[in-house]
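In what follows, a single structure is set out as structure tokens and then discussed.
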Amino acid sequence: MQPVVEATGAIPVDVPGVKFGHVGERRSFDAFVARYGLDRDPAISMVAAIVRGTDTDRLNLTPQSAGLLAISEGCGRSRPTITRS
């Protein structure tokens with residue numbers, strides 16, 4: 001992956017040793033939101049909680065987490081190139 005990062009300037013996520021990864025129950029989206037100070041916006045903080053609930057299989061974390069999971073799984077079924085990790 002490092003050659004691609006160096007060649008393109010891409011920012012890797014969800015791999016060990018990068019700034020946008022999982023820390024405890026916090027996910028890469030949480031890291032991105034915190035890094036850029038976006039957590040001051042209540043709407044973005046709400047989206048972060050929805051994503052966290054979906055990504056951690058804690059679908060009861062927010063009422064919307066199960067819906068986001070359903071959407072992402074539906075996209076994966078309709079477009080074979082989209083996968084859920």
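The values are calculated or read from the model by the stated rules, or taken from the named source; none is laboratory data. The model shown is predicted, which means the values in this text are computed figures rather than measured ones. Cβ sites come from the backbone with ideal geometry, for glycine too, and all protein chains shown count toward neighbours.
Some points to look at:
- Checking each residue in the stretch 1-33 for being out of contact with any Gly (no Cβ under 9 Å at 6 or more places or on another chain), without any contact (Cβ under 8 Å) to a residue 12 or more places away in the chain and surrounded by 14 or more Cβ atoms within 10 Å (Cβ to Cβ) picks out 18, 21, 22.
- Residue selected from the stretch 16-33 under the condition in a loop (DSSP other than H, G, I, E, B) and within 10 Å of the chain's Cα centre (by Cα), by the criterion nearest to residue 45 (Cα to Cα): 27
- Cβ pairs under 8 Å, 6+ apart, first in the stretch 63-83 and among the charged types (D, E, K, R), second modelled with pLDDT under 80: 73/84
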